[in-house]
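Read through the structure below, which is laid out as structure tokens, and then see the notes.
The values are calculated or read from the model by the stated rules, or taken from the named source; none is laboratory data. Quantities reported herein were computed from a predicted structural model and do not represent experimental measurements. Neighbour counts run over all protein chains shown; Cβ positions are idealised from the backbone, glycine included.
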Amino acid sequence: MIILGYIFVSILIFWAVLVIYLNDFSVPSKLTGEFTSVLIVFPHPDDEAKSMAGTIKKFTDQGIKVTLLLFSKGERGTPDASEDLTLKKIRSKEAKVSAKILGVRLIHEDFGDGVLPKKRTKLTSYLQKIIAKQKPDLVITYDKSGLYGHPDHIVVSEIITDLHKKLKKSFKLWYISFPEKILAGKKLPTHMADNPDFAKHRKHPNMKIWIGHRFITKSKVIGAYKSQFPSYERGLVVPVPNVILWSLFPWEYFHEVKESL
């Protein structure tokens with residue numbers, strides 16, 4: 001029993017060291033209780049999973065109304081980004097499971113995967129109507145780098161950022177963000193970028209949200225997107241079981257847009 005105790009303590013210490021090493025303690029923490037209505041906008045099913053599922057669950061646990069708006073069915077969610085129309089139905093079902101786990105209202109549109117830059121005008125008009133109807137006090141999406149230069153991510157960010165300015169900042173705008181040390185541990189699919197200089201538009205986190213035990217919910221949401229497991233596995237530098245991996249990240253990071261745009 002003593003040996004088992006030493007092993008347990010050693011594992012716990014090793015886990016704590018990894019948490020300290022992998023997270024950025026220079027980024028200030030942020031409370032979330034000030035909001036009443038949150039609109040989260042992403043191009044694809046599963047964009048919400050690894051980036052901010054814990055924060056979404058924290059919002060809904062606090063009684064905040066959360067709407068998740070997805071613009072495509074994710075038919076290009078293959079490891080090489082080739083089109084597979086059978087994924088539309090599969091990923092739609094996965095998104096519904098994710099929404100149920102997180103307790104959010106899901107709006108799932110089909111503007112096409114990989115073609116959103118060609119539909120900027122339609123998307124802008126659609127988003128204006130959604131914002132007018134939902135009246136969110138917070139909107140969350142990608143920054144203008146699209147994380148790894150994905151054109152769909154970038155156009156959605158640009159549209160929302162422009163609306164934020166046009167509507168005179170009637171809502172707060174957050175971009176999902178990651179500290180450099182976390183990005184260094186990811187194999188991002190940068191081959192999907194049209195602009196090789198996308199990283200110049202990346203915003204560094206200026207706040208973090210404590211999700212604590214909600215990493216368990218986050219791992220369940222990620223697990224709901226079984227069709228994306230091949231892509232997930234390619235994105236890991238070292239293969240680690242899902243729930244263990246996300247236990248190392250009890251915070252999620254964001255950039256709150258404050259500067260003049």
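What's the number of the condition Y175 fails, among (1) assigned to a helix (DSSP H, G or I); (2) out of contact with any Leu (no Cβ under 6 Å at 6 or more places or on another chain); (3) at pLDDT 95 or above; (4) surrounded by 15 or more Cβ atoms within 10 Å (Cβ to Cβ)?
Result: Y175 fails condition (1) only.
Looking only at the range 13-41, count how many residues are in contact (Cβ under 8 Å) with a residue 40 or more places away in the chain, of a type in the set (A, V, I, L, M, F, W, C) and surrounded by fewer than 24 Cβ atoms within 10 Å (Cβ to Cβ).
Selection size over the range 13-41: 6.
In this structure, does S145 turn out to be small (G, A, S), closer than 24 Å to A199 by Cα, touching a helix residue (DSSP H, G or I) at 6+ places or on another chain (Cβ under 7 Å) and touching a residue at least 40 places away in the same chain (Cβ under 8 Å)?
So S145 fits the description; yes.
Could you tell me which numbered condition I140 fails, if it satisfies all but one of (1) in contact with a strand residue (DSSP E or B) (Cβ under 9 Å, 6 or more places away or on another chain); (2) in a helix (DSSP H, G or I); (3) closer than 19 Å to K50 by Cβ; (4) of a type in the set (A, V, I, L, M)?
Result: I140 fails condition (2) only.
Has the range 122-135 got any residue that is assigned to a loop (DSSP other than H, G, I, E, B), surrounded by fewer than 16 Cβ atoms within 10 Å (Cβ to Cβ), out of contact with any Lys or Arg (no Cβ under 6 Å at 6 or more places or on another chain) and among the basic types (K, R)?
So far as the range 122-135 goes, yes, one or more of its residues are assigned to a loop (DSSP other than H, G, I, E, B), surrounded by fewer than 16 Cβ atoms within 10 Å (Cβ to Cβ), out of contact with any Lys or Arg (no Cβ under 6 Å at 6 or more places or on another chain) and among the basic types (K, R).
Can you report the number of residues in the range 220-242 which are surrounded by fewer than 19 Cβ atoms within 10 Å (Cβ to Cβ), more than 15 Å from the chain's Cα centre (by Cα) and either at pLDDT 80 or above or over 26 Å from I11 (Cα atoms) (or both)?
Of the residues in the range 220-242, 5 are surrounded by fewer than 19 Cβ atoms within 10 Å (Cβ to Cβ), more than 15 Å from the chain's Cα centre (by Cα) and either at pLDDT 80 or above or over 26 Å from I11 (Cα atoms) (or both).
Would you be able to say whether some residue in the range 83-96 is of a type in the set (G, A, S), surrounded by 15 or more Cβ atoms within 10 Å (Cβ to Cβ), part of a loop (DSSP other than H, G, I, E, B) and over 16 Å from the mean Cα position of the chain (by Cα)? Give the derivation first.
So the first thing to find is which residues in the range 83-96 are of a type in the set (G, A, S), and the list is 92, 95.
After this cut, where a residue has to be surrounded by 15 or more Cβ atoms within 10 Å (Cβ to Cβ) as well, the list is 92, 95.
With part of a loop (DSSP other than H, G, I, E, B) added as a condition, the list becomes none.
Within the range 83-96 (the criterion being of a type in the set (G, A, S), surrounded by 15 or more Cβ atoms within 10 Å (Cβ to Cβ), part of a loop (DSSP other than H, G, I, E, B) and over 16 Å from the mean Cα position of the chain (by Cα)), the answer is no, since none of the residues qualifies.
Output the number of the condition that D152 fails; it satisfies all remaining conditions of (1) closer than 25 Å to T32 by Cα; (2) buried (at least 18 other Cβ atoms within 10 Å of the Cβ); (3) among the acidic types (D, E).
The number of the failed condition is (1).
Go through (1) surrounded by 20 or more Cβ atoms within 10 Å (Cβ to Cβ); (2) part of a helix (DSSP H, G or I); (3) in contact (Cβ under 8 Å) with a residue 40 or more places away in the chain for A99 and report which single condition fails.
With respect to (1) surrounded by 20 or more Cβ atoms within 10 Å (Cβ to Cβ); (2) part of a helix (DSSP H, G or I); (3) in contact (Cβ under 8 Å) with a residue 40 or more places away in the chain, A99 is out only on (3).
Answer yes or no as to whether L18 is in contact with a Lys or Arg (Cβ under 7 Å, 6 or more places away or on another chain), modelled with pLDDT under 95 and within 16 Å of F249 (Cβ to Cβ).
Considered against the rule, which asks whether it is in contact with a Lys or Arg (Cβ under 7 Å, 6 or more places away or on another chain), modelled with pLDDT under 95 and within 16 Å of F249 (Cβ to Cβ), L18 comes out as no.
Can you pull out every residue in the range 5-45 that is among the polar types (S, T, N, Q), in a loop (DSSP other than H, G, I, E, B) and within 28 Å of A99 (Cα to Cα)?
Going residue by residue through the range 5-45, those that are among the polar types (S, T, N, Q) are 10, 23, 26, 29, 32, 36-37.
Right, trim to in a loop (DSSP other than H, G, I, E, B) and you get 23, 26, 32, 36.
Listed by number, the residues that qualify are N23, T32, T36.
Could you tell me which of the residues G54, G63, G74 is at pLDDT 95 or above and in contact with a helix residue (DSSP H, G or I) (Cβ under 6 Å, 6 or more places away or on another chain)?
On inspection, the qualifying residue turns out to be G54.
Checking D162 against (1) surrounded by fewer than 16 Cβ atoms within 10 Å (Cβ to Cβ); (2) modelled with pLDDT of 95 or more; (3) closer than 15 Å to K203 by Cβ; (4) among the acidic types (D, E): exactly one of these is not met. Which one?
D162 satisfies all of (1) surrounded by fewer than 16 Cβ atoms within 10 Å (Cβ to Cβ); (2) modelled with pLDDT of 95 or more; (3) closer than 15 Å to K203 by Cβ; (4) among the acidic types (D, E) except (3).
Looking at the range 190-219 only, could you name the residues that are crowded, with 17+ Cβ neighbours inside 10 Å, touching a helix residue (DSSP H, G or I) at 6+ places or on another chain (Cβ under 6 Å) and touching a residue at least 40 places away in the same chain (Cβ under 8 Å)?
A193, F198, I209, I211, R214, F215, T217, K218
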